[in-house]
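Below is one structure; the comments refer to it alone.
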Amino acid sequence: MSLPLRRLGCALAALALMPSGHAAPTDDTDLPETLRRGYVGPIVGPADDGAYARGTLGLIRPSYGRASLYVAWRVMHLPVGAVAKESHERKGSWLEGSAVSQTGADEIDAWLAARGALQQRAPAVRPDYFRPGKLTVAGAGEIDTVEGQCGPDAFAFATRTLRELVADASLKAADRLAWIAGQDAVFARCTWAPGKTAAPPLPALLPASAPARLKALNAYQRAAALFYGDDYVAARQAFDAIAAVPDHPMRPWATLGALRSLVRDAVRDADWDAAVADAWTKRQLRGAEFSAAVAEPAVRHRARADAALTEISARAQAAAADAALAPVQAAIGYTLRRALLQLGPMAPLRLAMEKLDRVEDNPYALGTLDLFQQLYPQVAPDRPLGELAAVLRRHAWFDFIATVQACSDAPKAADAAACDAEHGHALARWQESKDNAWLLAALMTARQPAAKDLPAAEAARAVAAGRPEWASLQFYAARVLRAQGRGVDARAAVEAVAASRVVHRRDRALLEADEPGLARQPAVTEAQVRAEYDRFVALGPTEYRVRHLLVQTRELADAALARIRGGEPFEAVAAAVSADSGSRAKGGDLGWSLPVYFAPPFADAVKRLAPRGLSESPVQTQFGWHVIEVSEVRPRLVPPFEQVKARIQEGLERRAGQGQK
């Protein structure tokens, strides 16, 4: 299933010529999103994935997903505490590059405002980023969903074009209205669901007497409408016809449009989709049975994808050498990376795995672990076999994952022969490396512990209690010791783990199953629960609905405040200038909160502005300069003690189990 090396080389050569610091053109179909918690919380994962990602590994299980086991491998190969304060904030991705910009004000609203200044009549179809769709879920049939079709960049591009037309004194009002009508026809296809009704009509052809610029734009509109109507072959032909005209004003964007049409057409493979749906979803086939069922469609799908990727790579290389296409070269680079993700996933998968080899690098900042999680199922839905396994297992961390997962009993009972083979592999790796990760793998895969496993168990008992893998090593070593008649030593190991603060309460069931009658950790007292409730009550009687924007200098804050006082919506100004990435996309909205959670100068300003108001001057905190608005206040509702007592107690027990105060 891997991409032929010659084609892979061409694709990567073209990619190397493309700029990468480009905010993704979001008018393309979104790739499957990985859950923000997904890097440590797959189908079966740690009880507290946040603490786990920061080094509190607790009891590692063979049923954990690949991402969770990678986190364990990485933590075990770094100094203790190295990841405790590591940032998990995404600052970019392989697809988007490292300079990922945030969309400010809503681009549809901006488009409708610009349009409304010239055309008072509302469009017949309200534009939207999404269109309705269907998703087939095993056991549940089809469910209604939405899918991205026309992204913010499409509307932003239309707004910019309209402003240029307004500035063009050679055009008449009727010319601009004709272009708006054509753009309405394009955007009407953004919300159209294929298969239910006929596609909305294409933009009308303009008469021969229309201005040349307007006719050029009309040709581009018609090609774009074909694209958004899912007629990718016709769209590519129309875009190619425009791109073939050297002095056509839309040539750069038509070149990009043709490339994107080629990608979407290649990705849409009805034959392959039907084969996978039948084998995977309908017949519930897995492993070798699934591979056999889709073997013939897979050959056709691979050949189709390879042919498309060859053409895409050639087009991208040609575009990189054409200086006239400079306005879209970054977007073409993005489109090529998207094509690799969707059509040749082995190439970016290898890049991601090579980056994950460097455990000292943050795997979250550029989404490297998320990228691996996204791409791996496209290459090998189950355990890799044969040549593919040999390639992937050259990465020590993946070898560790494949070894441990062979003995997982989730979602079905482990294959005894495979588990035993991996156990022998893990023992050999530990004996040659003396690496604690392989020591753990050897103990975790000891399905039927024997005398040959005792040296590993003894080595595990000698590991320092401060190591993040210590608890897991003691737990699995105890199983070996118990099987070899050393019950006293086994119980001592499990009791030591039970007495520690690194094991989540969920995992105590494992300890008690192996060693019934373990002494439980001291219970949280009624007085502790009451004190926590009183602390909660003392946080304050009033909640405030707060909006803010953050900038780094007083001058920038004054300018933002002047814009708001001049009539611009607070939300729009915050979206445009605020440095607070957490609230910027929400127009600066911080929701309902208590002053105690804010920095003191910020909290004082919030209380002064109640019940509603805009700060008279910017407020400085350690984060920078803020413009603050309070829109509402309300009494804080504190539930009675008896109503929340059990929840507080559970939280205190969980914190105690994790060693938190």
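For region 154-232 and region 280-294, write down the distance between their C-alpha centroids in whole Å.
After rounding, the separation between the Cα centres reads 45 Å.
By the gyration tensor of its Cα atoms, with a ≥ b ≥ c the square roots of the eigenvalues, what is the shape of the chain: rounded for a/c under 1.5, prolate for a/b over b/c, or oblate?
Cα axes put the chain in the oblate bin.
Quick check on my link table: of K85/K355; K91/K586; K91/K355; K586/K645; K355/K586, which ones sit more than 25 Å apart, alpha carbon to alpha carbon?
K586/K645; K355/K586
Mind running the shape call on region 259-386? Use the C-alpha gyration tensor, a ≥ b ≥ c as the square roots of the eigenvalues: rounded below 1.5 for a/c, prolate if a/b tops b/c, oblate otherwise.
oblate
How much of the accessible area of region 204-344, in percent, comes from carbon and sulfur atoms when a 1.4 Å probe is used?
Carbon plus sulfur share of accessible area: 60 percent.
When the helices in the chain are scored as -39500 (n - 2.57) per DSSP H run of 4 or longer and the sum is shared across all residues, what 222 nm value do you end up with, to the nearest 500 deg cm²/dmol?
The helix-only estimate for the chain comes to -16000 deg cm²/dmol at 222 nm.
How much of the accessible area of region 425-536, in percent, comes from carbon and sulfur atoms when a 1.4 Å probe is used?
Using a 1.4 Å probe with all protein chains present, region 425-536 comes out at 54 percent carbon and sulfur.
Find the relative contact order for the chain and round it to a whole percent, using C-alpha pairs within less than 8 Å whose residues are 6+ positions apart.
Relative contact order of the chain: 14 percent.
Cα centroid distance between region 57-74 and region 390-465, in Å?
Rounded to whole Å, the Cα centres lie 13 Å apart.
How much net charge surrounds A560 when only the other residues with a Cβ under 13 Å from the Cβ of A560 are counted, with Lys and Arg +1 and Asp and Glu -1?
Net local charge, A560 excluded: -1.
Got a number for the accessible area of C407? Probe 1.4 Å, square angstrom, nearest 10.
The value for C407 is about 20 Å².
Using a 1.4 angstrom probe with every protein chain in place, what is the largest-first accessible-area order of R394, R506?
Result, largest first: R394, R506.
If I compute solvent accessible area with a 1.4 Å probe over the protein chains, what percent of it on region 553-612 is carbon and sulfur?
55
Given the protein chains as shown and a 1.4 Å probe, how many square angstrom of T542 are accessible, to the nearest 10?
40
Just to confirm, what accessible area per residue do you get for the chain at 1.4 Å probe, in whole Å²?
So the chain comes to 48 Å² accessible per residue, rounded to a whole number.
Sorted by accessible area (1.4 Å probe), largest first, how do R358, R264 line up?
The ranking, largest first, comes out as R358, R264.
I'd like the accessible area for R300: 1.4 Å probe, protein heavy atoms, all chains in place, Å² to the nearest 10.
Number for this one is 120 Å².
Pull out a ≥ b ≥ c, the square roots of the eigenvalues of the alpha-carbon gyration tensor of region 499-639, then state rounded if a/c is under 1.5, prolate if not and a/b is larger than b/c, and oblate in the remaining case.
Here region 499-639 falls in the prolate category.
If H77, H548, H301 are ordered by their accessible area, calculated over protein heavy atoms with a 1.4 Å probe, which sequence runs from highest to lowest?
H77, H301, H548
The values are calculated or read from the model by the stated rules, or taken from the named source; none is laboratory data. Predicted model only: the values in this text are computed from it and were never measured. Methodologically, a virtual Cβ is constructed for each residue, glycine included, from the backbone with ideal geometry; neighbour enumeration extends over all protein chains shown. Accessible surface is based on the protein model in full, side chains and every heavy atom, while ligands, DNA and RNA are left aside. Shrake-Rupley method; radii C 1.70, N 1.55, O 1.52, S 1.80 Å.
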